[in-house]
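Colleague: One structure is given below, represented as structure tokens, and several questions about it will come after.
We did not get these values from a lab; they are worked out from the coordinates using the rules stated. All figures in this text were calculated on a predicted structure; none of them were measured in a lab. Heads up, the Cβs are rebuilt from the backbone with ideal geometry, glycines too, and the neighbour counts pull from every protein chain shown.
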Amino acid sequence: MNIISLSILYLWPKPFKLVLKEIYGKIESEDAPDAWDILDEGDYSFSKKYNLIHYKQLKASGVNFTVHGPFLSTDYLHPNSNVRRRSLSQLKASIENAAQFSPLAYVFHPSTVPKGFSPNKLKVEHYHFLEEINDFANSLGLRVFVENNVPGMGHMLTTPEEFIEFYERTGSSLKMAFDVGHSNVGSHVKRFLELLDCKIGVVHVHDNNGVSDNHKIIGSGNINWNYVISKLKASNFSGPYVIECVQDPFRALKLLRTLLGCRP
Ligand SMILES: [Zn+2]
């Protein structure tokens with residue numbers, strides 16, 4: 001049975017103490033998710049000792065986590081080596097901290113395309129970055145997944161073709177976090193599922209109208225969720241589903257459980 005993890009994105013950027021209140025408050029509650037997807041960013045950063053201690057305590061008391069890495073600064077290909085190094089160090093520190101409470105999955109974003117550069121020219125350098133992160137995380141016993149980003153917003157790895165080329169040229173063992181909402185903005189949902197189903201290790205769930213990435217509740221946009229779920233089931237997808245809806249997150253959890261046939 002697939003695990004369903006609930007992203008705390010619906011609380012962002014409220015104070016961290018509200019995140020703790022929410023997670024502690026749901027322990028042993030009927031509508032608790034199987035895991036919480038926590039964000040290593042800003043006030044929620046794992047580099048703050050207080051935050052990390054609480055996550056470790058929660059883990060020790062039986063709460064499971066999936067992790068979303070830093071997303072505000074992803075300048076892994078920036079022409080300025082200081083900027084590049086700072087982004088890379090932040091990501092590696094995040095992976096090291098996360099490894100201390102053994103999340104079920106760790107998802108990170110591909111690089112931003114620096115202004116004035118063509119993604120095509122930078123793709124090989126980006127492959128090296130992806131492999132470096134995969135090796136680094138594996139050495140710490142952590143499973144990491146790279147997420148398809150929103151097309152047209154200046155990021156690497158937004159289309160199925162870019163992922164196919166990456167796998168063909170590198171033979172990488174790095175699997176992808178398939179963000180259904182992001183892929184819907186570029187009308188790529190079907191092609192991702194048809195061409196890359198065997199590479200999907202995590203699925204991000206939220207809806208939109210195909211124009212903007214607004215992280216709506218399942219069913220309020222134009223994504224055909226019955227198709228998505230049946231296709232993933234047919235490919236024996238066994239990884240976690242992460243709900244990234246910013247409105248009605250617990251209704252989204254119920255809806256997804258029904259779609260997956262987990263509970264009546
Ligand atoms: Zn996502």
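Colleague: How large is the dipole of segment 1-113 about the Cα centre if only Lys and Arg carry +1 and Asp and Glu carry -1, each at its Cβ, rounded to the nearest 20 debye? Write down the numbers at each step before the final one.
Modeller: Values: 12 positive and 11 negative charges, 114 e Å.
Charge dipole, segment 1-113, about its Cα centre: 540 debye, nearest 20.
Colleague: If you don't mind, another one. Placing +1 on the Cβ of each Lys and Arg and -1 on the Cβ of each Asp and Glu in the chain, which of LEU18, THR158, LEU255 has its Cα farthest towards the positive end of the resulting dipole?
Modeller: Towards the positive end, the residue furthest out is LEU18.
Colleague: Based on DSSP, what percent of beta bridges with both residues in the chain are antiparallel, to the nearest 5?
Modeller: Details: 2 of 27 bridges.
Here the share of antiparallel DSSP bridges comes out near 5 percent.
Colleague: Considering Cα pairs under 8 angstrom that are at least six residues apart, work out the relative contact order of segment 84-210 and quote it in whole percent. Can you show the working numbers first?
Modeller: Values: 167 pairs, mean separation 30.2, N = 127.
Relative contact order, segment 84-210: 24 percent.
Colleague: If I model a spin label as a point 7 Å beyond the Cα along the Cα-Cβ vector, how far apart are those points for ASN138 and ASP197 in nm?
Modeller: Result for the modelled spin labels: 2.6 nm.
Colleague: Across segment 184-251, what fraction of all alpha-carbon pairs, as a whole percent, falls in each successive 10 Å bin from zero upward?
Modeller: P(r) for segment 184-251, in whole percents per bin: 20, 54, 26, 0.
Colleague: About the Cα centre of segment 100-179, what is the dipole size in debye to 20, counting +1 per Lys and Arg Cβ and -1 per Asp and Glu Cβ, all else neutral?
Modeller: Details: 6 positive and 10 negative charges, 25 e Å.
In total the dipole reaches around 120 debye.
Colleague: Can you work out ³J(HN,Hα) from phi for every residue in segment 114-119, in order, using Karplus 6.51 cos²θ - 1.76 cosθ + 1.60 and θ = phi - 60°, giving whole Hz and x for Gly and Pro?
Modeller: The phi angles translate into x, 4, x, 9, 9, x Hz.
Colleague: Same structure, new question: For a Förster distance of 30 Å, can you work out the FRET efficiency between the beta-carbons of GLU161 and SER102, rounded to the nearest 0.05?
Modeller: Working: r = 34 Å, r/R0 = 1.15.
Given R0 = 30 Å and the Cβ-Cβ separation, E is 0.30.
Colleague: Across the chain, where is the longest run that never hits GluC sites (Glu not before Pro) in a DSSP loop with at most 13 other C-beta atoms within 10 Å?
Modeller: Working: sites that count: GLU28, GLU30.
No qualifying site falls inside 31-264, the longest such stretch.
Colleague: Per-residue HN-Hα couplings for segment 39-49, Karplus 6.51 cos²θ - 1.76 cosθ + 1.60 at θ = phi - 60°, whole Hz, x for Gly and Pro?
Modeller: So the Karplus estimates, Gly and Pro as x, are 9, 8, 7, x, 5, 8, 4, 6, 6, 7, 3 Hz.
Colleague: Using only the Cα atoms of segment 60-161, construct the convex hull and provide its projected area averaged over every direction, in square nanometres to one decimal. Provide the component values of the computation, followed by the final result.
Modeller: On the way: hull surface 27.7 nm².
One quarter of the hull surface, i.e. the mean projection, equals 6.9 nm².
Colleague: So, one more: Convex hull volume of the Cα atoms in segment 4-260, per residue, in Å³? Can you show the working numbers first?
Modeller: On the way: hull volume 31.0 nm³, N = 257.
Per residue, the Cα convex hull of segment 4-260 comes to 121 Å³.
Colleague: Just rank THR170, THR74, THR158, fewest to most, by other beta-carbon atoms within 10 angstrom. Kindly include the intermediate steps, with their values, before the conclusion.
Modeller: Details: THR170 15, THR74 21, THR158 24.
Arranged by neighbour count, lowest to highest, THR170, THR74, THR158 become THR170, THR74, THR158.
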